[in-house]
Amino acid sequence: MAMPRLDIDLNKIYHNADELVKRLAERGILVTGVTKASLGSIEVANALLQAGVVSLGDSRIENIKAMRMSGSDACMMLIRSPMLSQVRQVVKYVNISCNTEVAVIKALSVEACKQGCTHQILLMVELGDLREGIMPNDLINTVREVIGLPNILLKGIGTNLACRSGVSPNEKNMSKLSELAEQVEKTFGITLDIVSGGNSANIQWASKTDTQRINHLRLGESILLGCEPLQRQPIEGLHGDAFTLVAEVIESKLKPSKPTADVAQTAFGEVSLLTGQAANDRGMVKQSILAIGLQDIDYTGLQAPKGIVIMGASSDHLIVESIDDALKIGDEVSFQLNYSALLRAMTSPFVTKCYYPV
């Protein structure tokens, strides 16, 4: 079997999605399953749809197009603000997009008229994380500018937290979003179908407090990795091992634990932690190299099996030490991944993706 590879358990992904869809339904919340960490995998997308997500969300139009080309007729949500240069594709392949700029929405309107369809939008509101979003005081004026545009349907409003700055969803910012939804409805005499409270970081909030007007979440990490992203704690009843990275040993030798001679920057402009007086000289160690590197994974997001310690990585090499028996050439070593490592591994064309059951 080709190496390195990602073993992807679709049954576990289905289970996680099914559990979260059911739990959140009890709170009046629908789920969009986010596929961006799976690079728009149609296999993962189908597992999410079978589990009951109402739509698929992705930040890249390329991933959404790929799912369309694979035959998916699911409702697609573009969860990153559209580029003006991709407006034609957005209208063609996407049902609903998250927006913050009037100029982009006007371009979507023009293109939707050309294509003879209605494009739905969510207006994203800034509530403290300082990534994308319309400032709350500007929301009413923004709605006023876009609500009458031809072939554009204001489907709702939303927000995003815990991504750039790590701001946690709480009663205060979720109440603010609910208040803004009601303010828009009252001002314009409309009903907003979607009030999207955020992402997997909202799981704990949604399970403990009054969800008010929030009726939608966009979930990726909690489904794929079975954890919440605020503290990376496992979610009870979910699988945390739906993805396993497997890499092959290409060198296994006894080597010094500390570099010799003068040391400058590494290949990536860093200063090695193995140098200087603070470095611990542990004598000769059982070092192995695996055929995978920074071009493929974020090695700091890998969890090694018992008895293996990850020491570092370069572009194409992952360096580990064995505590007990030395690894052999050709051995396969399996790792669990966090979100960052998964995202990069799924993006790498050099990592084979193996789906189970096939």
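Numbers at a glance
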{"item": "Residue match in segment 202-220 (condition: more than 28 Å from LEU49 (Cβ to Cβ), of a type in the set (A, V, I, L, M), in the same structural domain as VAL91 (by TED's automatic domain parsing) and touching a residue at least 12 places away in the same chain (Cβ under 8 Å))", "result": "no"}
{"item": "Subset of segment 340-358 (residues that are among the hydrophobic types (A, V, I, L, M, F, W, C) and in contact (Cβ under 8 Å) with a residue 40 or more places away in the chain)", "result": "ALA341, LEU342, LEU343, ALA345, MET346, PHE350, VAL351, CYS354"}
{"item": "Boolean, ASP18 is buried (at least 20 other Cβ atoms within 10 Å of the Cβ), more than 18 Å from VAL195 (Cβ to Cβ), touching a residue at least 12 places away in the same chain (Cβ under 8 Å) and of a type in the set (D, E, K, R)", "result": "no"}
{"item": "Residue ranges of strands (runs of 3 or more DSSP E) in segment 275-358 with at least 1 members of a type in the set (Asp, Glu) and either touching a Phe, Trp or Tyr at 6+ places or on another chain (Cβ under 9 Å) or more than 25 Å from GLU228 (Cα to Cα) (or both)", "result": "318-322, 332-337"}
{"item": "Cβ-Cβ under 8 Å pairs, at least 6 apart or on other chains, segment 52-70 side touching a residue at least 24 places away in the same chain (Cβ under 8 Å), far side of a type in the set (Asp, Glu) and not in a loop (DSSP other than H, G, I, E, B)", "result": "GLY52/ASP18; ILE64/ASP58; MET67/ASP58"}
{"item": "Any hit, segment 42-62, residues being part of a helix (DSSP H, G or I), crowded, with 24+ Cβ neighbours inside 10 Å, within 12 Å of the chain's Cα centre (by Cα) and outside the structural domain of SER348 (by TED's automatic domain parsing)", "result": "no"}
{"item": "Some residue of segment 330-346 being within 17 Å of PRO4 (Cα to Cα) and among the basic types (Lys, Arg)", "result": "yes"}
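Here is a yes/no grid of residues against (1) over 24 Å from ASP316 (Cβ atoms); (2) within 17 Å of the chain's Cα centre (by Cα):
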{"site": "GLU185", "(1), (2)": "yes, no"}
{"site": "GLY197", "(1), (2)": "yes, yes"}
{"site": "SER207", "(1), (2)": "yes, no"}
{"site": "ILE223", "(1), (2)": "yes, yes"}
{"site": "ARG232", "(1), (2)": "yes, yes"}
{"site": "ASP241", "(1), (2)": "yes, yes"}
{"site": "LYS255", "(1), (2)": "no, no"}
{"site": "GLY269", "(1), (2)": "no, no"}
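The values are calculated or read from the model by the stated rules, or taken from the named source; none is laboratory data. Remember, it's a predicted structure, so these values are computed and weren't measured experimentally. Cβ atoms come from the backbone with ideal geometry, glycine included; neighbour counts cover every protein chain shown.
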